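Please read the structure below before turning to the comments.
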Amino acid sequence: NAGVTQTPKFRVLKTGQSMTLLCAQDMNHEYMYWYRQDPGMGLRLIHYSVGEGTTAKGEVPDGYNVSRLKKQNFLLGLESAAPSQTSVYFCASRGLAGTKGEQFFGPGTRLTVL
Amino acid sequence: SQELEQSPQSLIVQEGKNLTINCTSSKTLYGLYWYKQKYGEGLIFLMMLQKGGEEKSHEKITAKLDEKKQQSSLHITASQPSHAGIYLCGADLSGGYQKVTFGTGTKLQVIP
């Protein structure tokens, strides 16, 4: 039982390049989330999903796209990376059972855009 | 402006001392979560509060949600170096229990 895993752990991009971050969970959770964490800003929600095939915008969605084709995976895409997207990205998941319950977080992806 | 304010932003305490971290909102906190993050790692869930006046404890950490459900405090008794890290509060501010808004975090250092 791996919980929530994120791929890759580190990445360096040049401005304008694209990439996809993968989040996978093996807990059969309905809800999945992508956050970014920047110094002094806490965690900010980028996009989230309440079930397979659904996505919704969070607090800071511009410049990112997401897809949830399979229940266990939630992909975050950057089509044209910008230096402002340098951040640590966290994925999280939460089950429906105990709908008010905790989110389980992955270890994070550290992204640098030059 | 930040919907969920945490204070202080950082804290340095001597081992054995008590400390309190606060989390305040102008909106009702339908569900209030406390997480701890060690540097370079993901967040670890500590506890969740829902009812006004509720208090929960886990080892030497106690969290309370005030009666009005707009403020929560996290209290650590007899701090240890293992308590060091970043503490974040998160809350459901809409009542839909779909997403959580997080505070900016409090960085805690414990000096032996």
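The values are calculated or read from the model by the stated rules, or taken from the named source; none is laboratory data. Just so it is clear, the model here is predicted, and its values are computed rather than measured. Cβ sites come from the backbone with ideal geometry, for glycine too, and all protein chains shown count toward neighbours. Note: areas computed on protein heavy atoms with side chains; ligands, DNA, RNA excluded. Shrake-Rupley method; radii C 1.70, N 1.55, O 1.52, S 1.80 Å.
Computed over the alpha carbons of chain A, Rg followed by Dmax gives 13.4, 42 Å.
Over 23 Å apart at the Cα level, from the set B:Lys27/B:Lys51; B:Lys17/B:Lys38; A:Lys71/B:Lys51; B:Lys17/B:Lys56; A:Lys9/B:Lys38, are A:Lys71/B:Lys51. FRET efficiency for the B:Gln109 to B:Glu3 pair, using the beta carbon distance and R₀ = 22 Å, is estimated at 0.25. The stretch between A:Ser80 and A:Ser18 holds 21.8 nm of extra length on full extension. This uses 0.36 nm per residue minus the Cα-Cα distance. Springs join every pair of Cα atoms under 10 Å in this Gaussian network model of chain A, and among A:Ser49, A:Ser84, A:Ser93 the largest mean-square fluctuation is at A:Ser84.
The relative contact order of the stretch B:4-111, computed from alpha carbon pairs under 8 Å that lie at least 6 residues apart in sequence, is 37 percent. For the stretch B:4-111, the share of accessible area belonging to carbon and sulfur comes to 46 percent (1.4 Å probe, ligands and nucleic acids excluded). Calculated accessible area for the stretch B:4-111 comes out at 48 Å² per residue, all protein chains present (probe 1.4 Å; ligands, DNA, RNA ignored). On association of chains A and B, roughly 1700 Å² of accessible area becomes buried (total for both chains; probe 1.4 Å). Largest GNM mean-square fluctuation across A:Tyr89, A:Tyr33, A:Tyr64, computed for chain A with C-alpha springs under 10 Å, falls on A:Tyr64. Surface analysis of chain A yields an accessible area of 46 Å² per residue, using protein heavy atoms and a 1.4 Å probe.
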